[in-house]
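Bear in mind these aren't lab numbers, they're just calculated from the coordinates by the rules spelled out. The structure displayed is predicted, hence computed values, not measured ones. Positions of Cβ are backbone-derived with ideal geometry, glycine not excepted, and every protein chain shown enters the neighbour counts.
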Amino acid sequence: MATRTPGDALAHPIAGSAAKRIPGRGHTRSAVLFLAPFGLLFTAMLLAPIGYAVYQSFFRTHRSGLGLGPSTTVFAGFDNYVTALHDSRFMSSFLRVFTLGIVQVPVMLGLALLLALLLDSRGAVFKKVFRQIYFLPYALPGVIAAIMWSFLYAPSVSPFTAALRHVGLEVNFLSDDLVLASIGNMMTWAWTGFNMLIIYSALQAIPGELTEAAVMDGCSGWRVAWHVKIPAVRPALILTTVFSIIGTAQLFNEPAVLSQVAPTVSPTYTPILATQQSADINNYNYAATQSVILALLTFVLSFGFLKFTQRKGTFA
Amino acid sequence: MTTVTPTATRAAAGSPGRLRTSSLAGRAGVFAVMALFALYTLIPVWWLLVTATKNKGYLFTTNGLWFSHFDLWTNIRDVFQEQDGIFARWLLNSALYSFGGAAVSTTLSAMAGYALAKYAFRGRDLTFNVILGAVLIPDVMFALPLYLMFSQVHLVNTYWAVFLPSVVSPFGVYLSRIYAGASVPDELIEAARLDGAGEARIFWRVAMPIMSPALVTIFLFQFVSIWNNYLLPLLMLNSDELQPVTVGLANWREGVNQGIPYNITITGAFLSVIPLIVAFLVLQRFWRSGLAAGSVK
């Protein structure tokens, strides 16, 4: 899985704030020169692929005869989109990931917030050690972590299965009922510490006078957390939620590795897997269509969440 | 949740006797929750460490969470001998992609971020917003269209196919802009101009040194993100020789039925993780300051 990158700035546009203080004018040429290398690569590696995918999604490869004759590319309009929206496997991959996200993201962020608050509380000991332990999974590449968990879940090797059998429970983490929860656990394991650290950093930035004043007013620790600390880290919570939405949408590594050991994980288990599956069978136009739908939906969800929290926001 | 109360009690309560007891209970509660989660985090990694020391025969028959016969050195030798020693090649590839990609992307991001923060020009806000919009669409979703484009220009299955996309970091530009805006004083730039320094010289000699803490963060973020990348190299590379260690190990995991022993994959995974963990422990403070800059600002 690619690293989730902060998109927080959309919640706090700084545009304009610096403009007034800019000394001198007529530096447009220098600005363009400084921006050019990044701009060119940005255009080639990010903008062009989007354009190309959108373009591809409006065409269809038509194979004559039994697929042996030469293939021709024909304009298909929105046909690919209609097909995708009626593709039950593709749509159920969305539903599956959506269900997972609705449960996993709040659990993970709740846990991250709790741990950050505990780490920030004066009662905490060994803060530095705990912080490093929690952050440790972030150092494990997603697919390596997935390989590790694929063994930890495999009934023949798993120490957890063995331990549960010891107390008389027969649990198969890769069974139809449990595999989605198992994937959720892998994501929670991998990302809680990362999110915790972002929230913790925000907690550290709260001015000491603010919490002290609340304490002087007779607030208990829990009430200080609820009324002072949590509102103050709102931007960090929004940021981590957006990360998590984006991260969930691109779920790939975990099911891709688990599909080798769990027959219930199909090649179209998540939208990204479904897209790759289409590419594997050389249906590039359809794969492009699926990419566009997925990117659009992710953007709408993450951007929508940002806008929603901004409008409701009293703090940010 | 009562676990947080000691903070307040200790600060507010007058009687030191009462204070100590409640604080002790509170501390124990805080510690218990934190230790429990630490266990949850550590047990899988512990399992990886323990299992990396086991011969494949003992993997199925011994307690997964404790050592039996110590075969770590044999396992490591086997990992480096499997498929004519390709594992070392994979590590080298990962290092090349990550160091090269992170170095270039950090430089480009610094230049772009500095320009966006310090020059007024038409279209600046639009440029910045487009870059930020790209942050909200994860790069995994660009991978497939990129593959289709690269296959048209015959870049697929070359180093460039993985390297080029990794040098673009919209998030790096964002961090650079924030940091340049906040830390590089306009007066300093103006003074350098009055002294006759050119714009490029000002950037390299004046701005870059001031921005270096942010640049370290960008480098680290990008380094890890490239090292961890899986889907992009999986799509782009057919040749084993070009693959990074993530793709190689996933192939070994898949190859269990073709005779790649379990212990090779597990010990390989363990070995591939060590460099990053060491880097993290050493460089953690940079991460924290970087994350803080990204979230609190």
Quiz prompt | region B:102-217, relative contact order [Cα under 8 Å, separation at least 6], % | solution = 44
Quiz item: Considering only Cα-Cα distances, which of the following residue pairs are longer than 24 Å: A:Lys127/A:Lys229; A:Lys127/B:Lys54; A:Lys229/B:Lys118?
Solution: A:Lys127/B:Lys54; A:Lys229/B:Lys118
Quiz item: Which whole-number percentage describes the relative contact order of chain A, with Cα contacts under 8 Å and a sequence gap of 6 or more?
Solution: 28
Quiz item: Among all the aspartates and glutamates, which ones have a C-alpha under 14 Å from A:Lys307's C-alpha, if same-chain residues fewer than 8 places away are not counted?
Solution: A:Asp8
Quiz item: Say we join alpha carbon atoms closer than 10 Å with springs in a Gaussian network model of chain B; which of B:Trp227, B:Trp46, B:Trp252 then has the biggest fluctuation?
Solution: B:Trp46
Exercise. Please work out whether the protein assembly as shown counts as rounded, prolate or oblate from its C-alpha gyration tensor, where a ≥ b ≥ c are the square roots of the eigenvalues and a/c under 1.5 means rounded, while otherwise a/b larger than b/c means prolate and anything else oblate?
Key: oblate
Quiz item: chain A: percent of C-alpha pairs farther apart than 23 Å?
Solution: 68
Quiz prompt | Helix-only [θ]222 nm of the protein assembly as shown, DSSP H runs n ≥ 4, -39500 (n - 2.57) each, per residue, nearest 500 | solution = -22000 deg cm²/dmol
Quiz item: Check A:Phe59: other-chain or 5+ apart residues with amide H under 5 Å from its amide H, H built from backbone geometry?
Solution: A:Ala76
Exercise. Rounded to the nearest 0.05, what FRET efficiency do A:Ser92 and A:Leu178 give with R0 = 25 Å and r taken as the Cβ-Cβ distance? Could you check?
Key: 0.85
Quiz item: Any idea how far apart A:Lys128 and A:Lys307 come out in nm if each label point goes 7 Å out from Cα toward Cβ?
Solution: 4.6
Exercise. Please go through region A:205-280 and write out the chymotrypsin sites (Phe, Trp or Tyr not before Pro) that DSSP classes as loop and that have at most 11 other C-beta atoms within 10 Å.
Key: none
Practice problem: Step through the residues of region A:221-231 one at a time and calculate ³J(HN,Hα) from phi using the Karplus curve (6.51 cos²θ - 1.76 cosθ + 1.60, θ = phi - 60°), rounding each to whole Hz and writing x for Gly and Pro. | Solution: x, 5, 6, 4, 4, 6, 8, 10, 6, 4, x
Exercise. Kindly point out which whole DSSP H helices in chain B project their C-alpha atoms 27 angstrom or further along the helix axis while averaging a Kyte-Doolittle hydropathy of 0.0 or above.
Key: B:16-52, B:86-118, B:208-228, B:262-295
Quiz item: Which far-off residues, 5 or more places away or on another chain, put their amide H under 5 Å from the one on A:Gly123, with H placed in the peptide plane?
Solution: B:Thr7
Self-check item: By average C-beta atoms within 10 angstrom, highest first, the peptides A:129-139, A:169-179, B:170-180
Solution: B:170-180, A:129-139, A:169-179
Self-check item: Three-way shape label, region A:227-288, alpha-carbon gyration tensor, a/c 1.5
Solution: oblate
Practice problem: Starting from the Cα-Cα distance between A:Leu296 and A:Glu212, subtract it from 0.36 nm times their residue separation and give me the gain in nm to one decimal. | Solution: 25.7 nm
Quiz item: What are the extents of the Cα atoms of region B:201-252 along their three principal axes, listed from largest to smallest and rounded to whole Å?
Solution: 48, 18, 14
Exercise. From other protein chains only, count the Cβ atoms within 10 Å of every residue's Cβ in B:44-53, then give the mean.
Key: 4
Quiz item: Which stretch or stretches of region B:248-266 have amide N atoms under 18 Å from the point lying 7 Å from B:Gln81's Cα along the Cα→Cβ direction?
Solution: B:259-266
Exercise. With a point put 7 Å past each Cα toward its Cβ, work out how far B:Thr74 is from A:Trp226 in nm, to one decimal.
Key: 6.0
Quiz prompt | Overall form of region A:127-235 per C-alpha gyration tensor (a/c, 1.5; a/b vs b/c) | solution = prolate
Self-check item: Within straight-line cross-link reach of A:Lys128, aspartates and glutamates at Cα separation under 12 Å, skipping those fewer than 8 residues along the same chain
Solution: A:Asp120
Quiz item: What spacing in nm lies between the two simple spin-label points modelled at B:Leu188 and B:Val153, each 7 Å away from Cα in the Cβ direction?
Solution: 3.7
Quiz item: How crowded by other chains is A:285-296, given as the mean number of beta carbons from other chains within 10 Å of each beta carbon?
Solution: 3
